[in-house]
1. Is it the case, given these coordinates, that Lys207 is under 20 Å from the mean Cα position of the chain (by Cα), exposed (fewer than 11 other Cβ atoms within 10 Å of the Cβ) and not small (Gly, Ala, Ser)?
2. Within segment 213-251, which residues are in contact (Cβ under 8 Å) with a residue 60 or more places away in the chain and of a type in the set (A, V, I, L, M)?
3. If a residue has to be of a type in the set (S, T, N, Q), closer than 15 Å to Met308 by Cα and in contact (Cβ under 8 Å) with a residue 60 or more places away in the chain to count, how many in segment 252-278 make the cut?
4. Any residue at all in segment 328-338 that is modelled with pLDDT of 85 or more, out of contact with any Pro (no Cβ under 8 Å at 6 or more places or on another chain), assigned to a strand (DSSP E or B) and surrounded by 13 or more Cβ atoms within 10 Å (Cβ to Cβ)?
5. So Glu84 fits all but one of (1) closer than 15 Å to Ser104 by Cβ; (2) assigned to a helix (DSSP H, G or I); (3) among the acidic types (Asp, Glu); what number is the exception?
6. Look at Val176 and say whether it is modelled with pLDDT under 80, within 26 Å of the chain's Cα centre (by Cα), β-branched (Val, Ile, Thr) and not in a strand (DSSP E or B).
7. Inspect segment 97-107 for any residue being more than 27 Å from Ser47 (Cα to Cα), free of Cβ contacts under 8 Å to residues at least 12 places away in the same chain and open to solvent by 70 Å² or more (accessible area, probe 1.4 Å) and give the result as yes or no.
8. Could you go through segment 77-88 and let me know if any residue there is among the charged types (D, E, K, R) and open to solvent by less than 70 Å² (accessible area, probe 1.4 Å).
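The values are calculated or read from the model by the stated rules, or taken from the named source; none is laboratory data. All values derive from a computational prediction rather than experimental measurement. Here the Cβ is made from the backbone with ideal geometry for all residues, glycine too, and neighbour counts use every protein chain on show. In case anyone asks, the SASA skips ligands and DNA or RNA and just uses the protein heavy atoms, side chains included. Shrake-Rupley method; radii C 1.70, N 1.55, O 1.52, S 1.80 Å.
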Amino acid sequence: TTRLTRLARVFRVLRLMRLPKLRKLMFTIYGLIESDVVAVVFTVARSLGVILILTHMLACGWFAVGAGHDGWVVRDGYRRESLEIQYLASLQWSMAQFTPGASSIKPRLVAERAYSVLVLAFGLVVATCFVSSITATMSAMWALGNYHRTQSAMLKKFLHQNCVPRELGYRITRYVEFVVEFRHKRVPQGNVKYLELLSGPLQLELKVELSRPHLVAHPCFAQIAWANRTAFADLCSGAVTNHSFARNDAIISRGKAAKDMLFITTGSAAYRVTTDSSEQRRLLDTGNWFSEIALWMPWHYRGDVKAMNLVDALLVSAAKFGEIIQSSDTYAVAQAHAISFWRRMVEMGDSAPAWSFEVLQVAKQERGEQQMQGVASPSRVNLLSLGTMEQRARIEVKRAEELQVKQLVWD
C-alpha cells in the first residue's frame, strides 16, 4: 500500500507538470533572448533541468524496485532511515548512471539488475544527446563570433604597426565595436527564411507592425493609423516597400521626378544641393524622412542623396498612396496635411534654403537633434562625465558622420 501511494504521488506530480504548457513557456522565453551567451546558458540550464527530472523519475523507480523484503533498501540498511535519506540515496544512484560518479548501492536481485541495465542504456543515449547539444551550441556561437574576433585583432594590429596615436586608436576601435554590435542586434528580414512560410494574413499583420513605428513618426500617418486601421494596413501592404542601399549608392538624384517618400530605418545618408554660388550638405540619420513633397505635388529633386553606409529605408509610393487614400475615409486627413505643407512652403518663400522643401522635418525631431547636440557637442565632450559606453559610442558615431558628410566625395 505504501509503495502504491508513493507511485500515485509520482503520477500526480507528472500530471501537474503539464508538459505542453511548460514547452510553450520555454519556447516563449527562448524567443525573448537576443544574446548568444544567454542563449547558450539557457540551453544548458534547460538540458540540466530535463536530466534532473529524468533522474528523479528513475530514482523513484529504483526505490520501488528495491523496496521489497530482499531489496537494496533492506539489504543496505535504509529501511529505518528517514524518507529524505532514502530519496537522496535513490537519486544518487540514478545520477551515477548518467555520470562517471559512483554509488554505494549495488544491484543483486534479478529485478534490480534488469532495471540497472535498462537505466544504463537509457543514460548512455541521454548523456550523448546532452553533450552533443552543448557542443553544437558552443560551436555555432564560436563560428558566429570568430569573424568579428579576427577582424578586431587585425584592426588593432594595423593600428599598432602604423603607430596610430593611442587616443585615435581608442576612438576608432570603439566606433567599430559599436557599429558591429548595432548591426548584430538587427537581423535583416531577408535572412529569415521561415517568414516565407507565413500565410497571407500573418504576413500582412507582420508588415504593418514592422512599418508602424517608422511611419507614425510622421503626423499624417499617425492620424491615419489612429482614424482607420484598415486604411493604414492597406498603405503598409500596397504602398510601402523595403529597400536597402549600399555605401555610396545614390538614393535620389537631382533632376529626377519625386515618386516616393523615404523613411530611413537604419543607417545614415548625406544630402547635397548645389546652386550657382554655393553648396549645402545635410546629414540624414536613422528616424529621418525626406521627399515628403512627393505625396502632395509634382516635384523634381533639386539635390542628391547618397548612402554613407548600409541604409535600410521604407519607400512610400506617391501614386499608390493617392489611390488608397482616395478610396478611404482618411482623404480629409491627407488633404489637410497637403494644405499645411503647401502653406509652409509659401511662408518660407524663395529665401528658404534649397533643401527645405525636400528634407522638411517636423519640429519635434529638429528639437531632439538640437538637444542631443547641446548635451554632447563635439567641442564640449567630456568622456569622463558621460554615462555608458553606448552613449560615448553614439557621440563618436554622430561626430564621425557629420565629418563624413562634409568630406564626402560625391562624384
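1. Judged against the criteria, Lys207 is not a match.
2. Residues satisfying the conditions are Leu215, Ala217, Ile224, Ala227, Ala231, Leu235, Ala239, Val240, Ala246, Ile251.
3. Number satisfying all stated conditions: 2.
4. So far as segment 328-338 goes, no, none of its residues is modelled with pLDDT of 85 or more, out of contact with any Pro (no Cβ under 8 Å at 6 or more places or on another chain), assigned to a strand (DSSP E or B) and surrounded by 13 or more Cβ atoms within 10 Å (Cβ to Cβ).
5. With (1) closer than 15 Å to Ser104 by Cβ; (2) assigned to a helix (DSSP H, G or I); (3) among the acidic types (Asp, Glu) applied to Glu84, the lone miss is (1).
6. Values: modelled with pLDDT under 80: yes; within 26 Å of the chain's Cα centre (by Cα): yes; β-branched (Val, Ile, Thr): yes; not in a strand (DSSP E or B): yes.
Considered against the rule, which asks whether it is modelled with pLDDT under 80, within 26 Å of the chain's Cα centre (by Cα), β-branched (Val, Ile, Thr) and not in a strand (DSSP E or B), Val176 comes out as yes.
7. Just the residues of segment 97-107 that are more than 27 Å from Ser47 (Cα to Cα), to begin with: 106-107.
Checking the rest, the ones that are also free of Cβ contacts under 8 Å to residues at least 12 places away in the same chain come to none.
So far as segment 97-107 goes, no, none of its residues is more than 27 Å from Ser47 (Cα to Cα), free of Cβ contacts under 8 Å to residues at least 12 places away in the same chain and open to solvent by 70 Å² or more (accessible area, probe 1.4 Å).
8. So far as segment 77-88 goes, no, none of its residues is among the charged types (D, E, K, R) and open to solvent by less than 70 Å² (accessible area, probe 1.4 Å).
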